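*Asks:* Quick one: structure below, then a few questions.
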Amino acid sequence: MRRVSTTEDMWSLGEELARLLGPGDLVVLSGPLGAGKTTLVQGIAEGLKVRGPITSPTFVIARVHPSLAGGPALVHADAYRLGGALEVDDLDLDASLDDSVTVVEWGEGLVEGLADDRLEVSIERGDTGDERLVRLRGIGPRWSDLPGSSD
């Protein structure tokens, strides 16, 4: 578990995660409203050097942010308004999964079937102000070197 004290620290954590991410990676974000999921994605986007701006895709559901540096695109999706796995299928996230870094907010329980390997990021509010508790959990062989990962 990692303590994140400020919005800037959440952004920096996203940039740090971006250095670990590559084409084909699926990141599933969970946490309450206002936890910092989109801020984390903004940091990931900065680290991946993709075209922005990065905003919550709640009403658009999914956005593709092409790379400005020859790296993978960022597919940023929000499953908050989706009613189930069939609606996730309608998004066709699996069509771009191999070539992109796909990050899904509110994806827990809905998108795990997209890839055998995934990085699960859980964000909870801490005890004070902007403090957040961030848990990273790697699933599958791709993430076996990540502390707390499992197959």
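The values are calculated or read from the model by the stated rules, or taken from the named source; none is laboratory data. What you are looking at is a predicted structure, and each value in this text was computed from that prediction instead of being measured. Please note: Cβ atoms are built from the backbone with ideal geometry, for glycine as well, and neighbour counts cover all protein chains shown. Note: areas computed on protein heavy atoms with side chains; ligands, DNA, RNA excluded. Shrake-Rupley method; radii C 1.70, N 1.55, O 1.52, S 1.80 Å.
*Asks:* Of all residues in segment 111-121, count the ones that are more than 13 Å from the chain's Cα centre (by Cα), open to solvent by less than 50 Å² (accessible area, probe 1.4 Å) and either under 11 Å from L29 (Cα atoms) or among the charged types (D, E, K, R) (or both).
*Replies:* Adding up the residues that qualify gives 1.
*Asks:* Which of the residues belonging to segment 1-14 are touching a residue at least 24 places away in the same chain (Cβ under 8 Å) and part of a helix (DSSP H, G or I)?
*Replies:* From segment 1-14, those touching a residue at least 24 places away in the same chain (Cβ under 8 Å) are 1-7, 10-14; that's our starting set.
Passing the criteria: T7, M10, W11, S12, L13, G14.
*Asks:* Could you please tell me which pairs satisfy a Cβ distance under 6 Å, a separation of 6+ or placement on different chains, a first residue in segment 28-50 that is of a type in the set (D, E), and a second residue that is open to solvent by 10 Å² or more (accessible area, probe 1.4 Å)?
*Replies:* Going by the 6 Å Cβ cut-off, the qualifying pairs are E46/E15.
*Asks:* Same structure again: Being in contact with a strand residue (DSSP E or B) (Cβ under 6 Å, 6 or more places away or on another chain), open to solvent by 60 Å² or more (accessible area, probe 1.4 Å), assigned to a strand (DSSP E or B) and at pLDDT 80 or above is true for just one of E108, E124. Which residue is that?
*Replies:* After ruling out the rest, the residue left standing is E124.
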